[in-house]
Amino acid sequence: MTSVIKYGCFYVFLGVSLLAFFLYVYPRYEYDQKASDISIGFEQAYTGDISGFFTVTPIQNTGLKGERVVFVYDFSVVPEATMDAVLKGRAGEKVIFFEKPYATLKPEMLASLLDQYDINVGFLELNPVSDFMRRALLARSLKGREETFRVHTIKPAEVTNLRLTYEMILRRWLRAREERSIDFFWVQPLPSSLGVSYDEYGVTLLGLFHTSDTLAPVVVSMSLFFKILLVIGSFGLIFFYSPIIAIACAVFLSIYGVFNGFADTMLYLAGLTGTFGITGVFREMRKLEFNASLKYTAIIIFGLFLGVTVNALSYSYESVNGLLLPHGVKLLTFYLPMLVLIREFLYYGIKGLRSRLHWSDFALVIGLVLVILYSLLRSGNAAFVSNFERQLRDSLEMLLGVRPRFRELIGIPALWLYFRDKHRSFGRYAFIIPVLGVIGLCSIVNAFQHVHTPITIIFLRELLGIVIGTAIGMLIGVLLPNIIEEGEST
């Protein structure tokens, strides 16, 4: 009876995920198309033609005003005592807040002033002010929140500190446009050391993008009934993994929702659904006795459908515009891999390491620790990215158009080898292959947690990673016959 209920819940989720695929993906694509145009603003030092574009100027500059002016409120420049008067003087205008806020300023206080003076705020990502402004904008009225436009800029100091080349700078603008639903580009002059004039820089950027002469964010909408179906399907999938965990999640989310609102609670449910859903299906798929290639294909397809459901659960104006961030990213990244590591190590690793330790064992342990630490730094909503990785990203994007995720380029080949039962050929290190494999599988689902990224970019990136990863896995299986024979003989 319990088994019937469990699999019944799984089929409920399958039905809901199919609905999500057919009823959510295309409307989401339409939204992404409407929100795809970029507005561009230049500072007053730019001497080129700016008709159809915006002027970006400090908020204390009293000589400019109007629809095509965006003001910058720099907390490091404007005295705290004048904040009320300065904002009052820019009532109804567009304002970007910049740099670390005043130590005594509360987000709720700023939100009240913004609503009082009807200020349209430009939310600047990846800046010391970003976390503070998230809290302030979430404290605003619904009207004020929905007038928020998302801003990207590259500071001159950033170019110097990160040692960015001109080509890398242009790639950063392109990546921001393609991956992060940006509404407005604030173009600051480059450091003189690059040897590129502000005017030349501006002309190059204008040639890269289809620009808009208006700055009006697109409103996000979704049927409440459809959202309820997604919630039912999600709990069905968690119940399929573990009834106890499903009950615990229901209690936790009920309490969390009272204090944090519906949209943020859905982000938590999305993270929990992705984590326990992929874990439960992997567990069951591993038990099934049928064609290995079909099992591999089935779990990859399921990962994509689960990802779409996670994306639909997460979809709201606040999440698309970065005011709310995904929850459960690290849990999804590490929960299943850790379970597989423990199981596979107990099954293979202990047997293999009973023999005398070799220097390669210590090298492997050190390598694994470094990979785990780097993965911890790279997961989450504010990830560290090395300069080498930036250059590698740029190279892959220039070569392929869309950059596949590194975790999938490593994990998907391992997943292929695992389902083809070729991981045994790696002897005492066989336990590592399924761990890498599920890291790639979890990465597919995790990609859809990035709800601010256009849905077509997510699909292109994942399909590219799956195809290349599968081809690499097949190639490894063909090119290592000696290892396979040695493994089969032991």
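The values are calculated or read from the model by the stated rules, or taken from the named source; none is laboratory data. Not measured: the values here are computed from a predicted model. Heads up, the Cβs are rebuilt from the backbone with ideal geometry, glycines too, and the neighbour counts pull from every protein chain shown.
A few notes on this one:
- Checking M168 against (1) over 20 Å from the mean Cα position of the chain (by Cα); (2) free of Cβ contacts under 8 Å to residues at least 40 places away in the same chain; (3) under 30 Å from V329 (Cα atoms); (4) not in a loop (DSSP other than H, G, I, E, B), the condition it does not meet: (2)
- Residues of region 415-447 satisfying the condition of being surrounded by 19 or more Cβ atoms within 10 Å (Cβ to Cβ), out of contact with any His (no Cβ under 7 Å at 6 or more places or on another chain) and more than 30 Å from L325 (Cα to Cα): W416, Y418, F419, K422, H423, S425, F426, R428, F431, I432
- Exactly one residue out of F459, F426 is in the same structural domain as T297 (by TED's automatic domain parsing) and at pLDDT below 90, and it is F426.
- Among all positions in region 149-156, there is at least one residue which is part of a helix (DSSP H, G or I) and touching a residue at least 12 places away in the same chain (Cβ under 8 Å).
- Filtered residues of region 13-34 (kept if buried (at least 19 other Cβ atoms within 10 Å of the Cβ) and of a type in the set (A, V, I, L, M)): V16, A20
Here's the yes/no breakdown for (1) in the same structural domain as V12 (by TED's automatic domain parsing); (2) of a type in the set (S, T, Y); (3) exposed (fewer than 14 other Cβ atoms within 10 Å of the Cβ):
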{"residue": "S234", "(1), (2), (3)": "yes, yes, no"}
{"residue": "Y241", "(1), (2), (3)": "yes, yes, no"}
{"residue": "G257", "(1), (2), (3)": "yes, no, no"}
{"residue": "F262", "(1), (2), (3)": "yes, no, yes"}
{"residue": "K287", "(1), (2), (3)": "yes, no, yes"}
{"residue": "N291", "(1), (2), (3)": "yes, no, yes"}
{"residue": "I300", "(1), (2), (3)": "yes, no, no"}
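- Of the listed requirements (1) at pLDDT below 95; (2) assigned to a loop (DSSP other than H, G, I, E, B); (3) of a type outside the set (S, T, Y); (4) more than 22 Å from D49 (Cβ to Cβ), E178 misses just one: (2).
- Residue selected from region 139-163 under the condition hydrophobic (A, V, I, L, M, F, W, C) and surrounded by 19 or more Cβ atoms within 10 Å (Cβ to Cβ), by the criterion modelled with the lowest pLDDT: V159
- Test: residue in region 93-110 that is in contact with a Gly (Cβ under 6 Å, 6 or more places away or on another chain), among the β-branched types (V, I, T) and under 21 Å from G202 (Cβ atoms): yes
- Per this entry, K94 is not counted among residues that are more than 14 Å from N61 (Cα to Cα) and basic (K, R).
- Some residue of region 232-251 being at pLDDT below 95, under 22 Å from S443 (Cβ atoms) and hydrophobic (A, V, I, L, M, F, W, C): no
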